[in-house]
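Below: one structure, written as structure tokens.
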Amino acid sequence: MKADLKLNKQFWWPLSGIVLATLASINPFYQPRVTLNMGIAAWFVDLALVLVFSARPRLAPIAAFSAGLFLVVPCFLWESPLARGLLMCCMAFPLAVAALPLFGAPNANFRERLVFVFTWLGTRVVTRRSRTFDRAALLHLFTATIVFTAAMVSVKAVVAAGPWLLVRWLAGGIMIMAVAEMITAGHNLLTALLGLRAPALMQSPHLSKSIGEFWTKRWNPAASALLFQTLFFQPLARRGPALGLWAAFFASAVAHVMIPYMALGKLPISLVCGAFFLVQPLLIVAERRMNLRHWPLSAARAWTLGALTIVSPLFVEPILQILEPSWGPSDGVLLPTLVILGFVLGVNLFFALGSLAARPELQPRAAALEPQAF
């Protein structure tokens, strides 16, 4: 019981920072104009403060508080919606590094806390291997990038009205799945170069055999393991798996309302994005009743992609509205492709270097740092 109370007290630090950042972002009396260079510099300052404060267990809550405060920076970024959205995603990484170890043993040292974070609260393993150049991963990355560019060209070529909306949403969905493949391939390429086997941010989501597998194992399983399962599903699933399932997706819906709203400042389209995640529990319940796991592999994958395609406009349209102001003229594809590719490689490099810095040889001890009850 004392451990639970202590964890709750520590958790108020990042939550307080996030609340203050939210209040500052909606303050109508002070709206500073933050340039992109200032935003990038703020991210490096944020990360440096987190690393310095997190080195001492007693200062770790302060690191989480400051990382929460820095979430206000993208809200004042005087740039395109895409730039604000990407910077907000980047600002979430130092917050995760600072806040997630609060769920582990309070006296863990800095290395052990890094292991705890980059093994996703001790649920995954990072191991060393010989360094290699993965040609298959490079080809995979190249192919996914070409598919992304071709899908973007298709989106640009059609009008966002009438029956052409179906083409727009289909091409936009392919574009988003191509980014997932770019992240999958980028992870494989970079971890091979660094001589690591580490958990991946994406694992070819288009190969999912069910909606449940899509969300827990293939599409951003880090968010599932680090956040939604830990904070929402597991505590409430004790009262019933359905309650935990709905709680996790409701939290995801709220997060995906906030990001488009911060980027676009449009509440209706942001609520549409959140609605996409509220549909997912219905699909998961439906496939369980259909005994999907007994279906042939091809049929299970067809169901998964088909169901997601039907509801995908709820997610695709907000994403396209975030991207469109930033990707230039209708015949320009090089710059937006390079921006997305750079972001994909940068995110993968951050997690790969974090896994390397965590020193895999410490994992047996860090794996014992079970998350405390929330």
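Read-outs: derived from the displayed coordinates by stated rules, not from any lab. What you are looking at is a predicted structure, and each value in this text was computed from that prediction instead of being measured. Using ideal geometry, Cβ is built from the backbone for each residue, glycine included, and neighbour counts are taken over all protein chains shown.
Quick look at the numbers
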| item | result |
| --- | --- |
| Reference-scaled alpha-carbon Rg (2.2 N^0.38 Å with N residues) for region 1-156 | 1.28 |
| 11 Å beta-carbon shell around residue 87, net charge (K/R +1, D/E -1) | -1 |
| Relative contact order computed over region 16-90 (Cα-Cα under 8 Å; 6+ residues apart), in percent | 44 percent |
| Estimated distance in nm for a label pair at residue 143 and residue 293, the labels positioned 7 Å out from Cα along Cα-to-Cβ | 3.0 nm |
| Spatial separation of Cα centroids for region 13-34 and region 166-194, in angstrom | 33 Å |
| Environment charge at residue 264 (Cβ cut-off 15 Å; Lys +1, Arg +1, Asp -1, Glu -1) | -1 |
| Cα-centred dipole magnitude for the chain, charges only on beta-carbon of K, R (+1) and D, E (-1), debye, nearest 20 | 1040 debye |
| Cβ crowding within 10 Å averaged over residues, with 208-221, 37-50, 190-203 ranked highest first | 208-221, 190-203, 37-50 |
| For the chain, calculated [θ]222 nm from helices alone, where every DSSP H run of n ≥ 4 adds -39500 (n - 2.57) | -21500 deg cm²/dmol |
| Anisotropy class of region 203-326 from Cα gyration tensor, a/c 1.5 cut | oblate |
| Reduced Cα scattering model of region 107-205, Debye log10 I(q)/I(0), q = 0.16, 0.21, 0.25 Å⁻¹ | -0.76, -0.99, -1.17 |
| Between region 282-300 and region 140-156, the alpha-carbon center distance in angstrom | 30 Å |
| Per residue, the convex hull volume that the Cα atoms of the chain enclose (Å³) | 152 Å³ |
